[in-house]
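*Asks:* Questions regarding the structure given below will be posed in turn.
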Amino acid sequence: MTQSSPRQEFIAGCRDISPVLLGSIPFGFVAGIAAVSAGMSALEGIALSVLAFSGIAQLVVSQLVAANSPFLVTVAAAFVVSLRLMMYSAALSPHLAHLDRRWRILLSFLMTDQSFAMTVKRFNEATDRAYVHWHFLGSATTLYLSWQAAVAFGVLAGASVPATWSLDFAVVLTFLALLVPAVRTRADLAAACVAGLVVLIAAGLPYRLALVVASIAGIAAGMAIELTRRR
Amino acid sequence: MSIWLLILSVAAVTFLLRASFIVFANPQRFPHAFRQALTFVPPAVLAAIVVPGLVMPEGVLDVSLANPRWIAGLVAIAAATRLRHPLAPIAVGLPLLWCLQWAMR
């Protein structure tokens, strides 16, 4: 690759993320339906999406609002499901450290599972990395705008979609598409298997606490394998 | 009113987690064990989200043939492992689920 410009990188980012939209658009639609089904107004559902921009956090909040969960339990659940964003932040920060604060705030706000994966790939593949943050901005903006449109459509038109379309399964598949490449080592596999098993055992716990308990158990299992391997 | 407080709190939580290292901190300054634990967050959290969606569609464990989701999910995992394309699970899994649902009617 020869010297690229910010504009070329931005457009490449928009283009590279486009296949992912086939998964994220039905997901956004489902998140919009979930918000209004939970009793939020159209404005509240759209505001949650515009401000939090996280499909799984939006879904979890909607489920807990529907169940009349206490405020702190709902915020804590959103925190736990969003912890992976912290891991992405740690992984990307060395690449973005040279940018000024406004850039870093903007890119942080727009970062999602998909644009993170896309950007890491770009940083690994590009020979000229001077403008990779423009690639990140292109993919993240495309995802943001299409996501908000899908959520708004779900909020406004959602109730009329027949359940037989099983659009909620698109959500599971979107996360499955992220899970499979996230499992690279035996320790990762242990973390995923233990979390998957514990979430089933703990399914009876209230307020989706099973998700929290299972995540912690999975992380502990990964750490345990990592420690025994090093001895 | 409290719903707006909730929306703003969730927005703050998601932003602060995203910005944690990019804006506020240098990950090199944190203990190795902490950074190690962070690397297991995606496989653990994502598995904890995906697994119930496949085997507990109605909130109770169902791995019988009456539940097509775990079958479609296993095929989607195989597709993701083989094809290594971000679209593979959804392009394979959702149409397969529709076919299985149609066949079971």
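The values are calculated or read from the model by the stated rules, or taken from the named source; none is laboratory data. All values derive from a computational prediction rather than experimental measurement. Cβ sites come from the backbone with ideal geometry, for glycine too, and all protein chains shown count toward neighbours.
*Asks:* Identify, from the list A:Gly154, A:Gly196, A:Gly158, the residue that is over 23 Å from A:Leu107 (Cα atoms) and touching a Phe, Trp or Tyr at 6+ places or on another chain (Cβ under 6 Å).
*Replies:* Values: A:Gly196 fails: touching a Phe, Trp or Tyr at 6+ places or on another chain (Cβ under 6 Å); A:Gly158 fails: touching a Phe, Trp or Tyr at 6+ places or on another chain (Cβ under 6 Å).
Unique residue meeting the criteria: A:Gly154.
*Asks:* Which condition breaks for A:Gly138 when tested against (1) more than 8 Å from every other protein chain (Cβ to nearest Cβ); (2) part of a helix (DSSP H, G or I); (3) in contact (Cβ under 8 Å) with a residue 60 or more places away in the chain; (4) over 22 Å from B:Pro86 (Cβ atoms)?
*Replies:* The failed condition is (4).
*Asks:* Right, something else. Please enumerate the residues belonging to region A:161-207 that are more than 30 Å from A:Leu227 (Cα to Cα) and of a type in the set (D, E, K, R).
*Replies:* Passing the criteria: only A:Asp168.
*Asks:* Applying the selection to region A:32-62, what residues are surrounded by fewer than 18 Cβ atoms within 10 Å (Cβ to Cβ) and under 17 Å from the mean Cα position of the chain (by Cα)?
*Replies:* Scanning region A:32-62 gives A:Val50, A:Leu51.
*Asks:* Please work out which residue is farthest from the chain's Cα centre (by Cα), limiting yourself to region A:187-231 and to residues that are of a type in the set (Ser, Thr, Tyr) and more than 7 Å from every other protein chain (Cβ to nearest Cβ).
*Replies:* The first filter runs over region A:187-231 and keeps only residues of a type in the set (Ser, Thr, Tyr), leaving A:207, A:215, A:228.
Subsequent filtering for residues that are more than 7 Å from every other protein chain (Cβ to nearest Cβ) retains A:207, A:228.
Numbers: A:Tyr207: 20, A:Thr228: 31 Å.
It comes out as A:Thr228.
*Asks:* Is region B:45-52 home to any residue that is loosely packed, with under 12 Cβ neighbours inside 10 Å and free of Cβ contacts under 8 Å to residues at least 12 places away in the same chain?
*Replies:* Pass one, region B:45-52, residues loosely packed, with under 12 Cβ neighbours inside 10 Å: none.
Checked region B:45-52: no residue is loosely packed, with under 12 Cβ neighbours inside 10 Å and free of Cβ contacts under 8 Å to residues at least 12 places away in the same chain.
*Asks:* For region A:145-197, give me each residue that is in contact (Cβ under 8 Å) with a residue 24 or more places away in the chain and of a type in the set (Phe, Trp, Tyr). Lay out the reasoning, then the answer.
*Replies:* Of region A:145-197, the ones in contact (Cβ under 8 Å) with a residue 24 or more places away in the chain are A:146-156, A:158-159, A:161, A:167-168, A:170-171, A:173-175, A:177-178, A:181, A:186-188, A:190-195.
A:Trp147, A:Phe153, A:Phe175, listed by residue number.
*Asks:* Pairs only if they're at least six apart or on different chains, beta carbon under 6 angstrom, first in region B:1-17 and closer than 15 Å to A:Ser41 by Cβ, second buried (at least 17 other Cβ atoms within 10 Å of the Cβ); list them, first residue then second.
*Replies:* B:Ile3/A:Glu44; B:Ile7/A:Ala47; B:Ile7/A:Leu48
*Asks:* Then there's this: Could you say which residue among A:Val161, A:Val151 is closer than 30 Å to A:Leu99 by Cβ, β-branched (Val, Ile, Thr) and in the same structural domain as A:Ala117 (by TED's automatic domain parsing)?
*Replies:* A:Val151
*Asks:* To continue, here is another question. In region A:20-64, what count of residues is obtained for those that are modelled with pLDDT of 90 or more and facing chain B (nearest Cβ under 9 Å)?
*Replies:* Of the residues in region A:20-64, 13 are modelled with pLDDT of 90 or more and facing chain B (nearest Cβ under 9 Å).
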